[in-house]
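Take a look at the structure set out below.
Readers should treat all values here as calculations from the given coordinates under stated rules, not as data from a laboratory. Since the model is a prediction, treat every value here as computed from it, not as a measurement. Here the Cβ positions follow ideal geometry from the backbone for every residue, glycine too, while neighbour counts run over all protein chains shown.
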Amino acid sequence: MTDTTGTPARKRLLIRTWGCQMNVYDSARMADVLAPLGYAPTESVEEADMVILNTCHIREKATEKVFSDLGRLREAKQARGGEMVIAVAGCVAQAEGAEITARAPWVDIVLGPQSYHRLPEMVARAARAAGAVIETEFPPEDKFDHLPETAAPQGVTAFLTIQEGCDKFCSFCVVPYTRGAEYSRPVAAILAEARRLVALGAREITLLGQNVNAFHGEGPDGRAWGLGRLVRSLAEVEGLARIRYTTSHPRDMDEDLIAAHAEVPALMPFLHLPVQSGSDRVLRMMNRGHTADDYLRLVERLRAARPDLALSTDIIAGHPGETEADHAATMALIRAVGFAQAFSFKYSARPGTPAATMAGQVEEAAKDARLAEIQALLREQQTAFNRSRAGMVADVLVTGPGRHPGQMAGRTPWLNPVHFEGPESLAGRIVPVKILAGHPNSLTGALAAPLHDQSRERDAA
Ligand code: 5AD
Ligand code: SF4
């Protein structure tokens with residue numbers, strides 16, 4: 001590649017991302033910090049001068065999958081005569097740092113989620129060091145201060161991390177150990193990043209955090225602001241039409257945030273609110289700090305504030321100690337709420353978490369059967385929700401071209417993907433779409449306004 005600008009020689013960076021939206025966001029920021037060193041993205045391992053595995057620890061066998069990927073990367077590195085920097089980032093790095101360097105000595109860098117801003121320095125150190133460079137401390141204040149401003153446009157819909165870590169210590173979960181204590185970014189930094197994202201074309205921003213509604217960032221007035229107040233302030237950002245946030249804990253759903261759902265039109269009527277179980281016994285063992293009834297009453301209050309609110313959740317099947325009666329209580333709770341969407345998981349032990357060593361581990365076959373029942377019910381509810389949209393005219397944020405020629409894709413306020421016929425010039429706009437049919441995973445529709453009227457902004461200020 002010719003270089004007449006004095007920038008460093010062009011190198012290729014491959015980032016593989018697993019897990020949650022926080023990881024997707026972090027991968028984008030790692031690409032941002034490495035860009036000034038001359039690293040440009042590639043999809044090809046053969047071409048890569050540096051490979052980052054951004055890992056997730058939540059899923060089953062996460063660690064083993066990382067090691068098998070590392071085995072393949074070792075061959076790729078050898079094929080390039082050793083000229084490849086291999087880094088393991090994310091929660092597996094955080095949890096298994098020492099094991100990674102012991103079992104895969106060809107790894108150059110191991111870094112936890114709080115150290116991404118130090119990547120350039122670590123790359124330089126790795127170039128000199130004989131062994132791997134490990135960085136898995138927890139200084140979150142540093143990270144956000146030192147990351148560069150968002151460089152690559154994320155598009156019409158963007159993510160913005162406002163909070164990290166978790167102090168809840170649910171029995172089954174590794175997050176408090178891998179991501180550390182709860183930390184909220186200052187409001188001014190969040191507003192500045194939101195304005196930048198909007199200037200780069202974002203019309204919808206999803207605020208991210210492992211425990212996002214525990215947000216308590218320092219406001220310009222020096223006081224801690226809750227998420228409700230932050231949302232109201234973001235709603236004032238010109239050009240920002242839609243706000244979402246994820247993932248929330250029922251215990252942190254405060255009065256002001258519920259009121260924001262009633263009062264802030266830009267706050268979209270869709271909420272991911274994990275419940276995990278419908279049995280009070282299991283919820284207690286999980287250390288969730290709420291009962292099934294607390295959750296149901298919370299849902300009632302949210303729906304009173306925003307009657308068209310669609311709910312999503314996470315459910316775990318087969319937590320230690322869970323009986324058939326507990327499972328039935330979970331099914332009953334799912335029926336009582338009626339979810340528009342949900343994620344459900346078979347319980348699997350995470351080393352180091354309290355649940356991993358609890359008595360009463362559930363047989364695999366029972367877990368499978370319970371999960372299948374839960375998933376069948378959730379699928380039914382999701383399809384019913386999607387079908388219930390048919391006949392409505394929904395404001396659709398057009399995200400880009402659809403799969404077929406002449407087709408555009410977008411999303412409703414309830415986060416359903418929608419496909420409809422329309423010109424590409426609609427990308428980034430919010431247009432009325434008549435929903436014609438609801439399918440299990442998406443909707444189809446048709447523009448509801450005549451062509452000359454299509455560009456009008458339905459929910460712009
Ligand atoms: N086993 C199964 N599911 C889990 N989750 C977290 N830890 C575990 C585990 N050990 C699920 C929870 C959480 C979601 C992100 O992953 O439902 O909300
Ligand atoms: Fe994990 Fe969420 Fe519980 Fe925190 S609140 S410990 S992130 S499941």
Hand me the trypsin sites (Lys or Arg not before Pro) from the stretch 311-420 located in a DSSP loop with no more than 12 other Cβ atoms within 10 Å, in residue order please.
Arg403
Below 8 Å, C-alpha to C-alpha, sequence gap of six or more: please give me the relative contact order for the chain in percent.
9 percent
The summed charge of the Ala40 Cβ neighbourhood (under 11 Å; Lys/Arg +1, Asp/Glu -1) stands at +1
Assign one of three labels to the chain, namely rounded, prolate or oblate, based on the Cα gyration tensor with a ≥ b ≥ c the square roots of its eigenvalues; rounded applies when a/c is under 1.5, prolate when it is not and a/b is larger than b/c, and oblate otherwise.
oblate
Kyte-Doolittle cut-off -0.5, length cut-off 15 Å along the helix's own axis using Cα: show which whole DSSP H helices in the chain pass.
21-34, 90-103, 187-199, 292-305, 324-337
Using 7 Å Cα-to-Cβ label points, what is the Ala369/Ala262 separation (nm, one decimal)?
4.6 nm
Run the quick spin-label model on Glu255 and Glu83: label points 7 Å from Cα toward the beta carbon, then report their separation in nm to one decimal.
6.6 nm
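Only loop residues by DSSP count here, and only those with at most 15 other Cβ atoms within 10 Å; note down the GluC sites (Glu not before Pro) in the stretch 2-102 that meet that.
Loop-located and lightly packed - Glu43, Glu46, Glu47, Glu60, Glu83.
What does DSSP give for the chain in terms of the percent of beta bridges that are antiparallel, rounded to the nearest 5?
Within the chain, antiparallel bridges account for around 35 percent of the total.
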Just to confirm a number: summing +1 for Lys and Arg and -1 for Asp and Glu over residues other than Gln381 whose beta-carbon lies under 12 angstrom from that of Gln381, what do you get?
+2
For every other residue with a beta carbon closer than 11 angstrom to the beta carbon of Gly321, add +1 if it is Lys or Arg and -1 if Asp or Glu, then tell me the sum.
0
Let me understand the stretch 11-138 better: what is its radius of gyration from the alpha carbons, and its Dmax, in angstrom?
13.0, 36
If you stretched the chain out fully between Arg125 and Glu300, how much longer would it get, using 0.36 nm times the residue separation minus the C-alpha to C-alpha distance?
57.5 nm
Length gained, Arg72-Thr357, 0.36 nm per residue minus C-alpha separation, equals 99.3 nm
Between Ala384 and Arg403, what length in nm is gained on full extension when 0.36 nm per residue of separation is reduced by their alpha carbon distance?
4.4 nm
In the stretch 337-377, what GluC sites (Glu not before Pro) fall in a loop by DSSP, with at most 16 other Cβ atoms inside 10 Å?
Glu363
